[in-house]
Amino acid sequence: MMHHYDEPVYLISIVAKMLEIHPQTLRQYERENLICPSRSDGRIRLYSQRDVDKIKMILRLTRELGVNIAGVDIILRLKESVDAMEHEIAELRHELQKANNNRSVAPDKALVTKKSIYEMVIFEE
C-alpha cells in the first residue's frame, strides 16, 4: 500500500529499526526541534516518509560529516529558506510565462528571466 510522502504512518520503533538508531535518538531530535513528528489521538509519535528522509539527512550530517546539533539546525533552517525561495521563484516564473502568453506585457518591453536552482552540496574528503 502506497502512502503519501507527508502521511504520518511510521511508529517510532519502526523508524528506529529502519534507520538503525535508538528511539531515544529520535526523541532527542524532537527535543532539539530538528524534527516534529505527528501525534495520534493517543499521543503516539507517527513519522511520514518526509520525516524519515529528514532524519537520514540529520544522521548523514552528524555521523559522516561531524556536524554538531547546532550546525544541523542552522543547515536545516537554511535549506528550508532556500526551498521556500525556489518555490516563490517558480511561482513568479509561472506568472511571468502566463503574462507573456497573454501578451499583457507590451512587445517593446524586455522581460528577462534567469533560471537558477540552488542545491545544498556537501563535499566529503
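Quick note: the coordinates plus some simple rules give every number you see, no bench work behind them. Keep in mind that what you see is a predicted model, and the values were worked out from it rather than measured. We place every Cβ from the backbone using ideal geometry, glycine too, and count neighbours over all the protein chains shown.
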(request) Please work out which residue is surrounded by the most Cβ atoms within 10 Å (Cβ to Cβ), limiting yourself to segment 1-35 and to residues that are touching a residue at least 40 places away in the same chain (Cβ under 8 Å) and closer than 20 Å to Lys79 by Cβ. (result) Leu34
(request) Inspect segment 80-88 for any residue being crowded, with 17+ Cβ neighbours inside 10 Å and among the hydrophobic types (A, V, I, L, M, F, W, C) and give the result as yes or no. (result) no
(request) Would you mind listing the helices (runs of 4 or more DSSP H) fully within segment 6-103 where at least 2 residues are in contact with a Pro (Cβ under 9 Å, 6 or more places away or on another chain) and of a type in the set (A, V, I, L, M)? (result) 12-19
(request) Please find, within segment 36-51, the residue that is farthest from the chain's Cα centre (by Cα) out of those that are buried (at least 18 other Cβ atoms within 10 Å of the Cβ) and under 16 Å from Leu76 (Cα atoms). (result) Pro37
